[in-house]
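Before any comments, here is the structure.
The values are calculated or read from the model by the stated rules, or taken from the named source; none is laboratory data. What you see is a predicted model; the values in this text were computed from it and never measured. Note: ideal-geometry Cβ built from the backbone for every residue, glycine included; neighbour counts use all protein chains shown. Remember, those area values only see protein heavy atoms, side chains included, never the ligands or the DNA or RNA. Shrake-Rupley method; radii C 1.70, N 1.55, O 1.52, S 1.80 Å.
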Amino acid sequence: MKKTVVLLMGLVLPLVLAAADKKTEQDKKAWEPKVIKAVRTEEPITIDAALNEKVWQTAPHSGFTQNDPKDGDPSSEKTNVWIAYDDKALYVAAYCHDSDPKGIKALMGRRDSQIDSDWFFFAVDPYYDKRSGFLFGVNPAGSILDEVLSNDVNEDTSWDGVWESKAAVNGEGWIVEMKIPFNQIRFSKKDEYVWGVNFSRVIKRKQERASFSWVPKNEPAYVSKFARLEGIKGISPGVHVEVLPYTVGQAQFRPAEPGNPYEKGHKYLGNIGFDMKMNIQGNLTLDATVNPDFGQVEVDPAVVNLSAYETYYEEKRPFFIEGASIFNGFGRGGVYLDVNINWPSPSLFYSRRIGRAPQGYVTQDGFVDFPDRSKILGAAKLTGKLGGWNVGFVNALTAREYAEIDSFGSRFQQEVEPFTYYGVLRAQKDIREGQQGFGIMATGVTRNLNSEVLSGILNKNAFTLAADGWAFLDKKRDYVVGGWVGGTRVEGSPMDILRLQSSSMHYYQRPDATHVSLDPNAASLSGWGGRFNFAKQNGNFLFLANVGALSPGFDPNDVGFQYGSSDIINISILPAYQWTKPGKVFQQFLIFAGGARNYDFGGNRTYEGWLASLQGVFRNFWNFNLMLAYNPRTLSNNLTRGGPLVLRPWGWQLDLKGETDSRKRIVIEGGLTTYRQPGTGDQISGQITLRWKPGGNLSLSLGPGYSYDVTGHQWVTRVKDAVMTETFGTRYVFGRLNQKVLSAEIRLNWTFTPKLTLQAYLQPFIAVGRYDRFKELARPKTYDFNVFGDGASSISYADGLYAVDPDGPGSASSFYFGNPDFNVKSLRGTIVLRWEYFPGSLLYFVWTQNRADYAHPGDLQFRRDLNDLLTAPGDNIFMLKVSFRWNM
């Protein structure tokens, strides 16, 4: 009965609150876009922020409306804008009047860094599909950013176009001019064009953002509400080809290792290659690369991962991040509310799989020279529009990699990564200007496995095929349904597929599971997955409901990424209410509450969570986020890592985050999180970040953090023992873990000019874990444990090994396991000098240093550990890379 009441409330509540959220008759009037006329210039335009050309003397367009701080009010300062064009480019000019020119915030920052300054933005939808486009931004100091727009509201800063701009501050405000070549934006050839455009302006000292084509803050729309740009004719996108040859040199210095011929203390490397970009009829862009340099400039952060799942790292290589929105948007079209509660969020394409570190290992003794990545022989990417479809196609080949072993002077090689092909295809079509949409995505990985070792640990073939779509249920796009469905198939040797079935993604070996079982003769593994979303995402009342499922055999990880196991059915409901008009206390405010449940395909309830959250911005522009969550008791099907179900105790969580006014020279942001499971574990973590802007071209941030975690059931190992019949002939060993982590992130951004920047990043990291109170699961579906050392059992420690006698004089055999204590100390840093010495041509100088130390496991003494870290031998890598953009 209780479940029925909850379900009825979940279905009726959005309808009741939606009725209370009805718009006024004025709001219901049909929206009509503003219209702007582009003027063809008859004289060359010099990009100098002087507005001396005749075309800028014509009547300007004005009339901006605020989103912040007073949504719907006229902008507090006047802004005039113009658009002109010639055969080759689009020109945009703006005069941003200001009643207090001395108050204009003109800070310099690196490209695509939306620093705390005034800004002017121009956005264009050249397809006029009301879903996609490009955005260009300039601030008074001349710093720039550019983005690709997709799914109406999504922004992707990874794209770097080649365009010109100039800004200048005067006694009445500031002026900006832009020149955007037509070959940098995609559009289909026509006799006369209608595009969507918008202009927006940020007045930082007032925290004001105003737009020419205004969209209320409680309406999640952007591109679909652009003004109409008319009057452009007689132009052609044409065919545009860019070639970017590059050369890179690298020097590596690390401590020499006596007797190791591969570690002499230094190594010098060099490489040349080129990238090519070709616009095909304005609709498609072909990116190709030969002998690419796919090293990344920024280091990955240090982590200690004690889970059974891999760590996710963001992609930082330009070839893959540029234009990635077509792939990353799979399954998210139309539904702008993106909230996941304990859902694995599988990604079908994770580009860091391409060129990853080799996955094999050596089976011979000796000194080893192991490659740090798989060389990408070549890659090609096609993105754009074709026949009304948005398309993306990636192909890549990685080389067969070998480790070299030196055994007493004899050298030989062993294969550690096979020759591999990766392919990803994405196609998506908007229907009725985005009112509905449909898409597909397919991936394929094929490995040429010649090694018996690699055949036992790698899949030979892996394929994914999936479809997604959405449909707005009304013309105003208040209500929307969307989602995706797809399947995966993996093929390999019986040894490999047995390994895959037993991995943390699947755990087919669970002894008490009735819906899965190991098949040692299987040569393939298949599965399906999908998710359905229903949302009300316009107005003050919001609502989101999700139902998703991943079958036990679903596995996208050969070229995708999924954190967590398959074998999951997830249901969540989240109603919310937002206030977007300023009040006496808050500038804006959001409250939401809801919950989620997970089941496995055997019907076991594996997760349940209920939460409430408050988010708001005060009138002084300080913001906060408060969240309280409660988790009832459930069953865990992965705590024993392939063993039987375990009762997961109840717990509660409290999160608090806040940030001061970003207009100030010093900005402080911080957060505190605590999770408590009474009698079993406590976790608390906090971080505070100080951002200091001492000058117009310099910023420094320091973010120390600390976490303390006591876990009563941290996994240690498993031991076969036929005597332990209660847990199906295996002892599942756990320990109490006391873990402390101290870390900091230090960043320096020094902008000499908008095209010459210096960035520095430093991350000291210390994580210490001490285990005690070792025990074994006593029986399935409980939180009962047999503690070693209690009763007849005994445990002792010597020479780095724990010896356990589970039952004293009983028949159980003694067993051993290593000391799991750890003390991980890491110092990672990088300095990057970036110079765009010619439009699209770059010079990078990079210095990267890594230090690590692992002494004194289980024992934290800050001064000693910090000294050990600072005096540990380090790896130093210096890299110089030069590329030149050749516009053919």
query: Mind checking which pairs have a first residue in the range 40-66 that is touching a residue at least 40 places away in the same chain (Cβ under 8 Å) and part of a loop (DSSP other than H, G, I, E, B) and a second that is among the basic types (Lys, Arg) and open to solvent by less than 60 Å² (accessible area, probe 1.4 Å), Cβ under 9 Å, 6 or more apart or different chains?
result: Ile45/Lys179; Ile47/Lys179; Phe64/Arg201
query: Which residues, taken from the range 645-675, are part of a loop (DSSP other than H, G, I, E, B) and either free of Cβ contacts under 8 Å to residues at least 40 places away in the same chain or under 24 Å from the mean Cα position of the chain (by Cα) (or both)?
result: Trp650, Thr660, Ser662, Lys664, Arg665
message: Being in contact (Cβ under 8 Å) with a residue 60 or more places away in the chain and either more than 25 Å from Ser325 (Cβ to Cβ) or part of a loop (DSSP other than H, G, I, E, B) (or both) is the filter here; which residues of the range 435-488 pass it?
response: Ser451, Val453, Leu454, Ile457, Leu458, Asn459, Lys476, Arg477, Asp478
- prompt: Looking only at residues in the range 379-403 that are of a type in the set (D, E, K, R) and modelled with pLDDT under 95, which one is nearest to Tyr262 (Cα to Cα)?
  reply: Lys381
task: Check Asp555, Asp600, Asp512, Asp496 and return the single one that is within 26 Å of Arg779 (Cα to Cα), in contact (Cβ under 8 Å) with a residue 24 or more places away in the chain, among the acidic types (Asp, Glu) and open to solvent by less than 20 Å² (accessible area, probe 1.4 Å).
output: Asp600
field: Selection from the range 781-815 of residues that are closer than 27 Å to Asp512 by Cβ, hydroxyl-bearing (Ser, Thr, Tyr) and open to solvent by 60 Å² or more (accessible area, probe 1.4 Å)
entry: Ser811, Ser813, Ser814
- request: Among the strands (runs of 3 or more DSSP E) lying completely within the range 737-854, list those that include at least 2 residues that are within 39 Å of the chain's Cα centre (by Cα) and not basic (Lys, Arg).
  value: 756-777, 815-818, 822-838, 841-853
task: Output the number of the condition that Met108 fails; it satisfies all remaining conditions of (1) open to solvent by 40 Å² or more (accessible area, probe 1.4 Å); (2) closer than 30 Å to Gly234 by Cα; (3) of a type in the set (A, V, I, L, M).
output: (2)
message: For the range 599-622: of the residues being part of a loop (DSSP other than H, G, I, E, B) and not basic (Lys, Arg), which is nearest to Gly681 (Cα to Cα)?
response: Asn604
- request: Kindly indicate which of Gly642, Gly679, Gly696 is touching a residue at least 60 places away in the same chain (Cβ under 8 Å), on the phi > 0 side of the Ramachandran plot and out of contact with any strand residue (DSSP E or B) (no Cβ under 6 Å at 6 or more places or on another chain).
  value: Gly642
field: Residue match in the range 82-94 (condition: open to solvent by 30 Å² or more (accessible area, probe 1.4 Å) and under 30 Å from the mean Cα position of the chain (by Cα))
entry: no
- prompt: Identify, please: which residue in the range 623-644 is among the small types (Gly, Ala, Ser) and assigned to a strand (DSSP E or B) and is, among those, farthest from the chain's Cα centre (by Cα)?
  reply: Ser636
Output for the range 531-548, where each listed residue is open to solvent by 10 Å² or more (accessible area, probe 1.4 Å), over 11 Å from Leu337 (Cα atoms), touching a residue at least 40 places away in the same chain (Cβ under 8 Å) and not polar (S, T, N, Q): Arg531, Phe532
task: Could you figure out which of (1) over 27 Å from Lys881 (Cβ atoms); (2) of a type outside the set (Asp, Glu); (3) surrounded by fewer than 22 Cβ atoms within 10 Å (Cβ to Cβ) isn't true of Ala403?
output: (1)
field: Tyr95, sole failed condition from (1) within 22 Å of Val153 (Cα to Cα); (2) touching a Leu at 6+ places or on another chain (Cβ under 9 Å); (3) not acidic (Asp, Glu)
entry: (1)
statement: Filter the range 128-140 for residues that are buried (at least 23 other Cβ atoms within 10 Å of the Cβ) and over 26 Å from the mean Cα position of the chain (by Cα); the one that is nearest to Asn183 (Cα to Cα) is Asn139
- request: Answer yes if at least one residue in the range 239-261 is closer than 26 Å to Asp430 by Cβ and open to solvent by 20 Å² or more (accessible area, probe 1.4 Å), and no otherwise.
  value: yes
